[in-house]
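The values are calculated or read from the model by the stated rules, or taken from the named source; none is laboratory data. In this text, all values refer to a predicted model and were calculated from it rather than measured experimentally. Positions of Cβ are backbone-derived with ideal geometry, glycine not excepted, and every protein chain shown enters the neighbour counts.
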Amino acid sequence: MNRWFQTPSPVLEVPRLQSRFVLGMRVDATSYVDATWRVLNWTRRRESRYVCVANVHMVMEAYDDPTFRAIVNEADLVTPDGMPLVWMLRRMGFPGQGRVYGPTLTLWILQEAARWGIPVGFYGGEPAMIVRITDRLIERFPGLRITYAYSPPFRPLTPAEDAAVVEAINASGARILFVGLGCPKQERWMAAHRGRVQAVMLGVGAAFGFLSGLVPQAPIWVQQIGMEWFFRLLMEPRRLWRRYVRHNPRFVVLAGRQLLSARNA
């Protein structure tokens, strides 16, 4: 991990993001340094924000559901998590764009949270996963303050239960909250709780499984060639096959049409 904050950084004005729209959904031209810097600045300002990490699945969910598309487009930051979105941004005016992968971004932010003593929390995943995450991360990042960790039931919470969750998160003092409910549930949850949860919320989905060590992560070379989806399909075929069969072919066709239309405009 890189230590790029060499001295205490003041709260600064966050520069305006540059973005492109992929099938109508916003994706920001950011980096690990930029995204981590933004999250820390929002944290120091004690602002309630939410961050989406975007892949093909999210783009297609947004394409099919205008309400969900609005939720992503209104996020405070949307990182290019999937390599197809990195390639799209490169074709759309950002030739140097790199991937900002949710699990890796999580580690960047946790490293700086440990360094600066910023309390963090985790919401989502299974109970055993949450226990493993907290144990492994405290070992990896000495000084990391995990003040909140909760695995909610899979069913929708009642209004009273939801209010209790919000109260517990805020009472914990967590100023960065990692949300692992899966797309599109986690993005909907963050949007509904912006302004209520007094923390910067990051919807990092599969990162919970990877960080706990309970879900295998694709090798780097597989990630770099954009085939991580296939690796994950091999690991969890019963859960993921419908998603990839439905979304991936349509994305290839629709994204190709978008690039061709822009080229001919």
Breaking point among (1) in contact (Cβ under 8 Å) with a residue 40 or more places away in the chain; (2) surrounded by fewer than 22 Cβ atoms within 10 Å (Cβ to Cβ), for GLY82: (2)
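Based on what the data block shows, is GLU167 farther than 26 Å from THR79 by Cα, of a type in the set (D, E, K, R), exposed (fewer than 14 other Cβ atoms within 10 Å of the Cβ) and at pLDDT 95 or above? Before you say what the answer is, go through the steps one by one.
Values: farther than 26 Å from THR79 by Cα: yes; of a type in the set (D, E, K, R): yes; exposed (fewer than 14 other Cβ atoms within 10 Å of the Cβ): yes; at pLDDT 95 or above: yes.
Against the criterion (farther than 26 Å from THR79 by Cα, of a type in the set (D, E, K, R), exposed (fewer than 14 other Cβ atoms within 10 Å of the Cβ) and at pLDDT 95 or above), GLU167 qualifies.
Report yes if some residue within region 35-45 is in a loop (DSSP other than H, G, I, E, B), at pLDDT below 95 and farther than 15 Å from ALA114 by Cα; otherwise report no.
Just the residues of region 35-45 that are in a loop (DSSP other than H, G, I, E, B), to begin with: 45.
Cutting the leftovers down to at pLDDT below 95 gives us 45.
Then drop every residue that is not farther than 15 Å from ALA114 by Cα, which leaves 45.
Scanning region 35-45 turns up at least one residue that is in a loop (DSSP other than H, G, I, E, B), at pLDDT below 95 and farther than 15 Å from ALA114 by Cα.
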Just wondering, is there one or more residues in region 75-91 that are at pLDDT 95 or above, assigned to a loop (DSSP other than H, G, I, E, B) and of a type in the set (Asp, Glu)? yes
Can you pull out every residue in region 116-154 that is touching a residue at least 12 places away in the same chain (Cβ under 8 Å), over 15 Å from ARG175 (Cα atoms) and in a loop (DSSP other than H, G, I, E, B)? GLY125, GLU126, PHE141, PRO142, GLY143, SER151, PRO152
Failed item in (1) at pLDDT 95 or above; (2) not in a helix (DSSP H, G or I), with ASP162 passing the rest: (2)
ALA149 vs. criteria over 24 Å from THR104 (Cβ atoms) and at pLDDT 90 or above: no
